[in-house]
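J.: Would you mind keeping the following structure in view while I ask a few things?
Please treat every number below as a calculation from the coordinates, not as lab data. If you're wondering where the values come from, they're calculated on a predicted model, not measured in any experiment.
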Amino acid sequence: MKVKVITLDNKAAGEVELDDAVFGVAVRRDLLHRMVNYQLAKRQQGTHKTKTVSEISGTTKKPFRQKGTGRARQGSLRSAQFRGGQTTFGPVPRSHAHDLPKKVRKLALKTALSSKREQGQLIVLDEATAKEPRTKGLAAQLAKLGWSNALIVGGGDLDRNFALAARNIPHIDVLPQAGANVYDILRRDLLVLTKDAAAQLEERLK
């Protein structure tokens, strides 16, 4: 399929042919859901922790004698039923990451790209470059284009000035082609690919 290419000044810069095998696959919401869960689970720190009875500071003395008081027998004031005692079956440090087949991850990325194209939210940019690393000028350009919530994916190496200028603009993300992922694509309204990024994504996902 052919897609128009524009510049940051909103001028026409020809057309580019996008491969249907990457940008035209059937949109499967189940794959997108699985991939987003996979990414979010992998980024969880898993540092939550509660203390067991052996980790709590306190006396090891038996609170009162075993028999004759009329109360239930107790062996430790650090048990769960007492204030300041242990937490039973509480969380422990662990990894939340789970496996997802490589083929599924690859197809999920194709699906995310195809969903943006299907919804008319895919734009191909001639190049993502800036003359100087100033946020004000780039923010004005993006405002003229109407890009208030977008992910901009560059080629292999991002233009340093462009990356520095964009990183302080709210709701605008900039990633190299190698960092393009399902979660970041779906969380922004607009997906902007440079010509180099589109070509490299096709080569990577074919």
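J.: Got a sec to turn the phi values of segment 135-152 into Karplus ³J(HN,Hα) couplings, 6.51 cos²θ - 1.76 cosθ + 1.60 with θ = phi - 60°, whole Hz, x for Gly and Pro?
T.: Going residue by residue, I get 5, 4, x, 5, 4, 5, 4, 5, 5, 5, 6, x, 8, 9, 8, 8, 10, 10 Hz, with x marking Gly and Pro.
J.: Among DSSP bridges having both ends in the chain, what percentage is antiparallel? Round to the nearest 5.
T.: Bridges in the chain are about 20 percent antiparallel.
J.: Over the chain, what is the relative contact order in whole percent, taking alpha-carbon pairs under 8 Å and six or more residues apart?
T.: Over the chain, the number comes to 24 percent.
J.: For the Cα atoms of the chain, what angle does the longest principal axis make with the long axis of helix 195-205, in degrees from 0 to 90, nearest 10?
T.: 60 degrees
J.: In the set (i) 55, 21, 13; (ii) 25, 22, 18; (iii) 22, 22, 15, which value of semi-axes √(5λ) of the Cα gyration tensor in Å was calculated from the structure you see?
T.: Computing semi-axes √(5λ) of the Cα gyration tensor in Å and matching it to (i) 55, 21, 13; (ii) 25, 22, 18; (iii) 22, 22, 15 gives (i).
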